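Accompanying notes for the structure given below.
The values are calculated or read from the model by the stated rules, or taken from the named source; none is laboratory data. Just so it is clear, the structure is predicted and the values come from calculations on it, not from any experiment. Reconstructed Cβ throughout: ideal geometry from the backbone, glycine too, with neighbour counts over all protein chains shown.
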Amino acid sequence: MANAKSNVALQNSLVVLRILIGWHFLYEGVVKIYNPEWTAFGYLATAQGPLKSVFSLLANNEIIGWVDTFNALALLFAGITLILGIFEKKGALAAIVLLAMYYLAHPPFPGLQQLNVEGNYWFVNKNLIELMACVILYLYPTGKIFGLAYFMKKKKTPKIEKV
């Protein structure tokens, strides 16, 4: 009995985690879309670490508009799918990719000056923590517990056997 209660508590906690992370992604995407001054240029141009050259290429004036649009749309996609609990594995995967890029653009490695980041970190920062939470959401989708997937799942109809 205690195991069943803890299982329900775990499932409910994962649903709440999914919705909260979804809200974070959705909000970040909406803010970027409605702010005509926003661009990822500064974040990308000041990238550090082993992938600095990759992020510098993304900050190129010729493609930064595409990068900005892709970033905002990917944030919206992850947010909507996680909040609604439908296609949540795809949404969690999009969130994982985005967070990995954010982490790798400004990795909190010893010896690197921390630019364009909040706080002081050593290997682990909030992007890495949220990324791991999204890995858990990817591995344990909860849309069938609470979300559109729950409301859309088809009721099983009994098979009629031919006599």
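Quick notes on this one:
- Subset of the range 115-144 [of a type in the set (S, T, N, Q) and either buried (at least 19 other Cβ atoms within 10 Å of the Cβ) or under 12 Å from G49 (Cα atoms) (or both)]: N125, N127, T142
- You will find that of L76, L26, L104, the residue that is out of contact with any helix residue (DSSP H, G or I) (no Cβ under 6 Å at 6 or more places or on another chain), free of Cβ contacts under 8 Å to residues at least 60 places away in the same chain and under 30 Å from G143 (Cα atoms) is L104 and no other.
- Failed item in (1) surrounded by fewer than 20 Cβ atoms within 10 Å (Cβ to Cβ); (2) without any contact (Cβ under 8 Å) to a residue 40 or more places away in the chain, with L112 passing the rest: (2)
- Filter result for L148 (modelled with pLDDT of 95 or more and either over 19 Å from V54 (Cα atoms) or under 15 Å from the mean Cα position of the chain (by Cα) (or both)): no
- Pairs where the first residue, in the range 49-68, is under 18 Å from P36 (Cα atoms) and the second is assigned to a loop (DSSP other than H, G, I, E, B) and small (G, A, S), C-beta under 9 Å, 6+ apart: A59/A40; A59/A47; I64/A40; V67/A40; V67/A59; D68/A40
- The criterion of being touching a Cys at 6+ places or on another chain (Cβ under 8 Å) and within 15 Å of W23 (Cα to Cα) holds for A95.
- Scan of the range 72-128 for residues that are closer than 20 Å to G42 by Cα and of a type in the set (D, E, K, R), ordered by number: E118, K126
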